[in-house]
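Below: the structure, in structure tokens.
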Amino acid sequence: MSGFPDRKEDRARRLMDGPYPAVPAGLAAGAAARGDRMLRRRRALRGIGWALLLAAAAAFTVWAALTQPWTTPPADISPPLEGW
């Protein structure tokens, strides 16, 4: 380094050494209310997501039970007739 004091560092030191700035009166209450809203919204979205997942699983189960995709489909071609 060149040995000259950094202006940004000096300014930061003066800000940290000086008196703390005044905090608005309703800042903590507003932050707590915003945090509560965020938690409620996140909880609601998580509940909706689980409900959609369970509904999709139930729909898939009903579809699979009705169509039985694991069975082989019937052949469209009949076996040849012999002995006529």
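The values are calculated or read from the model by the stated rules, or taken from the named source; none is laboratory data. Since the structure is predicted, the reported quantities are computational estimates derived from the model, not experimental observations. Positions of Cβ are generated from backbone atoms using ideal geometry, with glycine treated the same way; all protein chains shown enter the neighbour counts. Accessible surface areas use protein heavy atoms only, side chains included; no ligands, DNA or RNA. Shrake-Rupley method; radii C 1.70, N 1.55, O 1.52, S 1.80 Å.
A few remarks follow.
- Looking only at the range 14-70, and only at residues there that are hydrophobic (A, V, I, L, M, F, W, C) and not in a helix (DSSP H, G or I), the one that is farthest from the chain's Cα centre (by Cα): A22
- Any chance A56 is surrounded by 10 or more Cβ atoms within 10 Å (Cβ to Cβ) and of a type in the set (G, A, S): yes
- Selection within the range 1-13: residues that are part of a helix (DSSP H, G or I) and among the acidic types (D, E). The member of this set that is least open to solvent (accessible area, probe 1.4 Å) is D10.
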